[in-house]
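The structure under discussion appears below in the form of structure tokens.
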Amino acid sequence: MIVGAGVAGYQAARALSRRVGDGAEIMLVNPTGVALHPELLPQVMTGVLNPDRVSVPLAETLPGVRVVLGTVTHIDARARRVLYDGGVLDYDRLIVAAGGVSEVAQVSAVSAHSVGFHDVGQALHLRDHIHRRLSLAAASTDPFERAAHCTFVVLGAGYAGTAAASAGQWLSQSIACRDPRLRGQPIRWILADPAEWLLPDMRHRLSRTTARMLRSQGVEVRTQTSLGQVTSRGLRLTDGEFIPTRTIVWSFGVRPDPLVTNLGLAAEQGRIRVDEHLAVPGRPEIYACGDVAAVPDLTRPGKITPMSGQHALHQGRLAGGNVAASIGYGSRRPYRHRIHDSIVDLVRTSEPLHVA
């Protein structure tokens with residue numbers, strides 16, 4: 001039984017099916033019949049890809065896996081049962097891959113201008129929002145209002161925030177260059193994070209490369225800086241600068257699915273504690289991977305792996321393989337992975353935009 005068809009859950013189902021074939025019944029429970037490729041959201045926002053190109057139909061791409069459509073409401077670890085809105089399912093082995101949930105903060109006076117960047121709907125909303133702001137700026141004769149409409153602040157410099165700032169800056173410049181009313185009008189994208197460097201869970205070399213490439217694009221990078229005060233006219237950052245804006249891209253707030261809080265399993269930072277094989281200590285029939293799992297980082301002793309798409313992908317594959325090994329197909333392996341020092345997709349678009 002696999003709960004969740006995000007990056008980790010999808011890869012777990014795929015790896016397990018390939019390993020065991022007809023040797024086991026595999027069930028995947030998910031609210032929808034598709035899986036999303038979140039790493040492609042920047043291309044959706046910029047119009048390079050249509051939304052249907054970043055989702056994968058589960059039933060068609062996971063042969064040998066029974067896809068159960070429904071939302072899991074409770075997992076009874078003692079009875080080895082999964083309760084969902086369509087009934088009850090029993091399991092012998094369980095992979096919890098419910099992923100994370102995002103919350104767009106409702107920031108007082110400008111809550112209407114607070115948008116997220118974690119799913120297709122939010123990516124499309126942000127694209128429309130950028131078009132709307134630049135259109136309002138072009139029609140305005142008030143210098144303050146023009147500047148506010150042309151200023152975009154991204155809070156949170158993890159993968160989502162970094163990608164949003166890069167793609168958003170590229171999209172807004174592309175729109176502005178086609179409107180003579182915006183000629184000479186500065187368009188600002190500001191990326192702020194309270195950490196000392198971008199992508200704080202990654203290595204410093206990757207962070208420095210990211211910051212350098214973003215700045216070369218025109219993105220203003222502010223580290224050790226967070227949201228201070230918000231008014232109806234803009235916001236003040238903790239570095240003291242007041243920024244007139246009508247846009248806050250909120251990329252904080254991703255947390256493990258609340259489902260994991262009621263499992264009665266040991267947790268760390270709100271995530272299920274697992275060993276290096278992704279199995280729950282004391283519960284060898286339960287595995288966890290992706291955003292819901294506190295996986296020990298063997299490359300950084302004493303720490304756990306960050307919540308990121310690359311870790312979810314590799315952990316999902318390993319979880320599927322290790323569950324197969326637990327029933328006699330192959331052997332278990334520990335999770336040991338170094339994130340590649342390449343972020344080209346975050347800060348460069350390889351093909352021209354086609355924006356309707």
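The values are calculated or read from the model by the stated rules, or taken from the named source; none is laboratory data. This is a predicted model, so every value here is computed, not measured. In this analysis, Cβ positions are derived from the backbone assuming ideal geometry, glycine residues included, and neighbour counts consider all displayed protein chains. Just so you know, the surface numbers come from the protein's heavy atoms only, side chains and all, with ligands and any DNA or RNA stripped out. Shrake-Rupley method; radii C 1.70, N 1.55, O 1.52, S 1.80 Å.
When the range 27-59 is examined, which residues are found to be within 24 Å of Gly87 (Cβ to Cβ) and not β-branched (Val, Ile, Thr)? Within the range 27-59, Met27, Leu28, Asn30, Pro31, Gly33, Ala35, Pro57, Leu58, Ala59 qualify. For the range 196-203, the count of residues that are open to solvent by 30 Å² or more (accessible area, probe 1.4 Å) and closer than 30 Å to Arg80 by Cβ is zero.
Search the range 213-267 for residues being closer than 30 Å to Gly282 by Cβ and surrounded by fewer than 19 Cβ atoms within 10 Å (Cβ to Cβ), and hand back the single one that is modelled with the lowest pLDDT. Steps first, answer last, please.
Kept after step one, since they are closer than 30 Å to Gly282 by Cβ, are these residues of the range 213-267: 254-267.
Applying the additional criterion that residues be surrounded by fewer than 19 Cβ atoms within 10 Å (Cβ to Cβ) yields 254-255, 258, 261-262, 264, 266-267.
On the way: Val254: 68, Arg255: 75, Pro258: 81, Thr261: 81, Asn262: 79, Gly264: 84, Ala266: 91, Ala267: 91.
Applying the filter and picking the extreme gives Val254.
Among the residues of the range 311-351, the ones that are outside any loop (DSSP other than H, G, I, E, B), at pLDDT below 90 and open to solvent by 70 Å² or more (accessible area, probe 1.4 Å) come to 1 in all.
Every test in (1) closer than 15 Å to Leu313 by Cα; (2) not in a loop (DSSP other than H, G, I, E, B) is passed by Ala5 save one, and that test is (2). Does Leu126 fit the bill of being in a helix (DSSP H, G or I), under 22 Å from Gly158 (Cβ atoms) and at pLDDT below 95? Taking the combined requirement at face value, the residue satisfies it. Of all residues in the range 14-29, those that are within 17 Å of Ser331 (Cβ to Cβ) and surrounded by fewer than 17 Cβ atoms within 10 Å (Cβ to Cβ) have Cβ atoms under 7 Å from Cβ atoms of residues that are at pLDDT 95 or above and not polar (S, T, N, Q), 6 or more apart or on another chain, in Gly23/Tyr329. Of the residues screened, Ile272 is not one that is more than 20 Å from Gly320 (Cβ to Cβ) and part of a strand (DSSP E or B).
Selection of the range 78-123 for residues being in a strand (DSSP E or B), under 21 Å from the mean Cα position of the chain (by Cα) and modelled with pLDDT of 95 or more yields Ile95, Val96.
Does the range 251-264 include one or more residues that are more than 30 Å from Ala79 (Cβ to Cβ), part of a helix (DSSP H, G or I), in contact (Cβ under 8 Å) with a residue 12 or more places away in the chain and not hydrophobic (A, V, I, L, M, F, W, C)?
Taking the range 251-264 first, the residues more than 30 Å from Ala79 (Cβ to Cβ) are 251-254.
After this cut, where a residue has to be part of a helix (DSSP H, G or I) as well, the list is none.
Within the range 251-264, not a single residue is more than 30 Å from Ala79 (Cβ to Cβ), part of a helix (DSSP H, G or I), in contact (Cβ under 8 Å) with a residue 12 or more places away in the chain and not hydrophobic (A, V, I, L, M, F, W, C).
None of Asp291, Asp297 is among the acidic types (Asp, Glu), surrounded by 21 or more Cβ atoms within 10 Å (Cβ to Cβ) and either more than 22 Å from the chain's Cα centre (by Cα) or modelled with pLDDT of 90 or more (or both) except Asp291. Within the range 77-99, if we keep just the residues that are free of Cβ contacts under 8 Å to residues at least 24 places away in the same chain and surrounded by 15 or more Cβ atoms within 10 Å (Cβ to Cβ), the residue that is nearest to Val120 (Cα to Cα) turns out to be Leu83.
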